[in-house]
1. Kindly indicate which of 139, 128 is among the basic types (Lys, Arg) and part of a helix (DSSP H, G or I).
2. Would you confirm whether or not region 51-62 contains a residue that is modelled with pLDDT of 90 or more, among the polar types (S, T, N, Q) and in a helix (DSSP H, G or I)?
3. Collect the residues in region 10-57 that are surrounded by 10 or more Cβ atoms within 10 Å (Cβ to Cβ) and of a type in the set (Gly, Ala, Ser), keeping them in residue-number order.
Amino acid sequence: MSENEMNLGDPATRRDLKELETATRRDLNAGMSELRTEMLGLETRLSELIRAGFANHPTHAQLDASLRQAQLHIESTAAQYANASAEVMRAEMAAQLAQQTNAIREDLRSVINGLDDRYRDLPKRVTKLETAVFPPPSKRKRKTG
């Protein structure tokens, strides 16, 4: 009979139980030792896989630099868009201002023309009125003497 096997028909003695316990402990220790060795190998392999997996990924500093570069690009693009929009808005406002100025000028011209037409004959009327109110000076000459 081998060390780990016992005849179940025979009564077990303390010595048999002690031998069985010793053999079981030896087998467990051997299994645990193999398991530890295997786990260390797995841990090493896992560490290598993790390093290899992250080898092609950017570092924190590289991500920060990329983010800063993207932010600067966005700000630059926004500034260009704002400048272009402001230029378009300025051109539109200048066109509107010119249009409104021309309309005001035409309106003032018509008002002034109306005033000119009303008072165009004013010099003739004033002369006629002056003649009626203030008689012309006499043509006689004064004596000097």
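1. 128
2. no
3. 12, 23, 30, 31, 33, 41, 47, listed by residue number.
The values are calculated or read from the model by the stated rules, or taken from the named source; none is laboratory data. Fair warning: this is a prediction, and the values are worked out from it, not measured in the lab. All Cβ positions, even for glycine, are placed from backbone atoms using ideal geometry, and neighbour counts span all protein chains on display.
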